[in-house]
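Peer 1: One structure, as structure tokens, below. Some questions next.
The values are calculated or read from the model by the stated rules, or taken from the named source; none is laboratory data. Just so it is clear, the structure is predicted and the values come from calculations on it, not from any experiment. Here the Cβ positions follow ideal geometry from the backbone for every residue, glycine too, while neighbour counts run over all protein chains shown.
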Amino acid sequence: MSAASEAVLRQPRRAAAKKILTPWQLARRTGFFALLAVFVIVSLFPFYWIVITSLKTPQEINAGTTSLLPGHITVSNYIDDFTQNDFLRPLLNSVLVCGCTMIITVVIAALAGYALSRTAIRAKGLFLAFILVANFFPVIAMVGPLFTVYRRIGLLDTYPGLIIADLIYTLPLATYLMSSYFSQIPRSLEEAALVDGSTRLRTLRKIVIPVAMPGVFTTAILAFMLTWNDFLLALSFMTTPSRFTATVAIVTLGQSPYQTFYNLIDAAVVIISVPIALLVLFAQRRIVSGLTAGSFR
């Protein structure tokens with residue numbers, strides 16, 4: 001047997017020898033995966049409890065059972081939400097509000113982010129930090145003044161009023177993300193178009209936006225998710241039940257002065273959680289790429 005063939009045969013043995021872990025390494029790896037499993041279980045258990053409660057019959061709920069598995073699985077709670085409680089209307093209301101808010105957010109954030117990334121402003125970093133900090137300002141502190149203004153100008157209990165209020169959630173973060181992403185795009189791309197006679201807006205629409213599409217896509221998804229999960233603003237400014245969004249309509253499901261129908265409520269929670277879960281599942285790569293692309297300056 002030649003030396004070359006012996007070397008080839010030794011390689012798997014060396015690889016197998018390298019894979020042997022010491023007791024300390026094995027203990028560390030085991031402990032890491034054990035902590036990871038505990039973290040996953042603790043994180044998912046509330047949602048699991050909601051799911052199994054939504055699959056329980058009203059008799060089990062009334063009996064106060066706390067079993068980890070439903071005795072009799074039923075989907076009647078989901079059917080009742082759509083047939084008896086007309087939960088489809090709040091879902092459509094949420095889609096309308098979220099879609100309009102997402103489009104307005106992307107348009108304004110793209111224009112503002114492009115201007116911030118291409119304009120020479122002193123203390124630009126401080127200005128961007130102020131925009132980001134505004135996103136963490138307590139929204140409930142704005143409800144009172146907004147309610148007074150809306151009552152005077154007639155925007156209470158209207159979709160435009162709720163959409164404008166939801167921009168408080170979405171615009172600061174979206175503007176910061178778009179500004180960071182546009183900063184990574186070489187100016188030579190748009191300078192060549194400007195030399196050929198293109199305007200700024202046309203250059204933004206035809207050249208910059210197509211290149212920045214991962215960032216635009218990420219901004220749109222985050223804006224949709226923030227608006228979809230909004231409860232405080234929708235509860236404060238919408239008073240007509242037929243105009244409630246899905247998060248507010250859950251509160252009114254199965255109302256009774258003597259009983260709370262947790263099975264109907266949890267079924268509705270699952271219904272409004274599935275679209276967001278699917279959106280994140282199928283778009284997670286674009287979200288990560290869009291968030292990390294503008295993270296380096």
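Peer 1: Determine which single condition Leu194 fails, assuming it passes every other condition in (1) in a helix (DSSP H, G or I); (2) in contact (Cβ under 8 Å) with a residue 24 or more places away in the chain.
Peer 2: Answer for Leu194: the failing condition is (2).
Peer 1: Take the residues in region 132-148 that are within 24 Å of Ser94 (Cβ to Cβ) and aliphatic (A, V, I, L, M), then tell me which one is surrounded by the most Cβ atoms within 10 Å (Cβ to Cβ).
Peer 2: In this case the residue turns out to be Leu146.
Peer 1: Also, I was wondering about something else. Got at least one residue in region 123-134 being at pLDDT 85 or above and farther than 29 Å from Ile276 by Cβ?
Peer 2: No: region 123-134 contains no residue that is at pLDDT 85 or above and farther than 29 Å from Ile276 by Cβ.
Peer 1: In addition: Only residues that are assigned to a loop (DSSP other than H, G, I, E, B) and either within 30 Å of Thr74 (Cα to Cα) or at pLDDT 55 or above (or both): list them for region 1-57, please.
Peer 2: The answer is Lys19, Ile20, Leu21, Thr22, Leu55, Lys56, Thr57.
Peer 1: Further question on the same structure: Could you count how many residues in region 69-118 are part of a helix (DSSP H, G or I), of a type in the set (Phe, Trp, Tyr) and touching a residue at least 40 places away in the same chain (Cβ under 8 Å)?
Peer 2: Looking only at that region, the number is 2.
Peer 1: Against the conditions (1) at pLDDT 85 or above; (2) not assigned by TED's automatic domain parsing to the domain that holds Thr260, where does Phe87 fall short? Just the number, please.
Peer 2: Just one mismatch for Phe87, condition (2).
Peer 1: Which one of these is within 20 Å of Asn229 (Cα to Cα) and either within 25 Å of the chain's Cα centre (by Cα) or surrounded by fewer than 18 Cβ atoms within 10 Å (Cβ to Cβ) (or both): Leu88, Leu126?
Peer 2: One residue alone meets the criteria, Leu88.
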